[in-house]
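Single-structure report; data block below.
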Amino acid sequence: MGEEKVKAVLSLDNCILPDEKIKSTPSKADGLSVDDEVDIRILGCDFIQSGGILLELPQVAMATAQILFQRFFYSKSLVKHSYEHVAMSCLFLAAKIEESPRRVRDVINVFHHIKQFWNEKPFEPMEYMGNQFFISKNAVIKAERRILKELGFCVHVKHPHKLITTYLQILDNEKNKKLVQLAWNYMNDSLRSNVFLRYSPEAIACACIHIAARKLKDQVPLPSNPPWYFLFDVSLDEIEVSLISFQFLGCFLFVFCWLTLSLSVFSSDGLLHNPISIQSEESKLCGCVCVRAGV
């Protein structure tokens, strides 16, 4: 019998998951409801975003971490793996990927501070070289190895940030600061969803511009015959681009309500924790768009 040949393909394109994998997650197979899974995914992404801000990381590092977090839990179950440890590890790893490394000690202390804030407890620094620190450190390092192994060390992420700016320059709208900022806001908030695992960066950039232009439709006319996004090799018709945009709206509405109402969620220690109730500028804009869209 001949040896079976294994073919390896190297690519810098983002990992796009098939619909079957999106719908049939390991967490769902372990009995976790779809709503609970969405809640935990959003909570983990907010965990990462808040930690990245306190660590003064660039937005691209926080975006990479959130995409790695989403990808990992389409391969492993939220029931069997701590979302907190995975969130810390994703941010720790993404900081190194984006050439903005942070010490594991700093990452642990920041996330410890966030948890105390959620619990409305006075901040007490974690004892350095104490048992809790070593337990957390080992958990983060092990989770990082598990993430790398599960993702096959394919952790490169192509972000639409630069594409949005480039596309708007081609469309002669780069000087419209409101349009640029709104498109960026939509894209940053959409990191809490699985949009980045379903569509290419080019399609996401076009969708962000499309929905931002709708918000400012009296000020930003875009070519429609032929559709302007054909210029950027995005093979989507008008309906498909709108569908992506409305997926953003659905995500924004959920995040907006989730942040403002401060829904309580259970942590691994069985205690109720409240997510950060401070609304980002993006979330405020999302609320305005949802009201405008009649959602």
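Restricting the trypsin sites (Lys or Arg not before Pro) of segment 62-108 to loop positions (DSSP other than H, G, I, E, B) with no more than 10 neighbouring Cβ atoms within 10 Å leaves LYS80.
The calculated FRET efficiency for SER24 paired with LEU216, based on their beta-carbon distance and R0 = 35 Å, is about 0.35.
Once both labels are positioned 7 Å from their Cα atoms along Cα-to-Cβ, the gap between ASP35 and LYS175 label points is 5.0 nm.
For segment 1-142, the Cα-based Rg and Dmax, in that order, read 17.3, 67 Å. With a Cα cut-off of under 28 Å and a minimum spacing of 8 residues unless on different chains, the lysine pairs in segment 119-208 number 10. Sequentially through segment 123-130, phi angles give Karplus couplings (6.51, -1.76, 1.60; θ = phi - 60°) of 6, 10, x, 5, 5, 5, 6, x Hz, Gly and Pro residues having no value and appearing as x. FRET efficiency for the ILE53 to ASN225 pair, using the beta carbon distance and R₀ = 51 Å, is estimated at 0.75. For segment 24-130, the list of GluC sites (Glu not before Pro) that fall in a loop by DSSP and count at most 16 other C-beta atoms within 10 angstrom reads GLU56, GLU99, GLU120, GLU127. In a DSSP loop and with at most 11 other Cβ atoms within 10 Å, the chymotrypsin sites (Phe, Trp or Tyr not before Pro) in segment 125-160 are TYR128, PHE153. Kirkwood analysis of the Cα pair distances in segment 121-192 returns a hydrodynamic radius of 16.4 Å. Segment PHE134..ASP233, full-extension length gain: 30.7 nm, with 0.36 nm per residue of separation and the alpha-carbon distance subtracted.
None of the figures in this text is laboratory data; all of them are computed from the coordinates on show. These numbers were taken from a predicted model, which means no experiment stands behind them. Neighbour counts run over all protein chains shown; Cβ positions are idealised from the backbone, glycine included.
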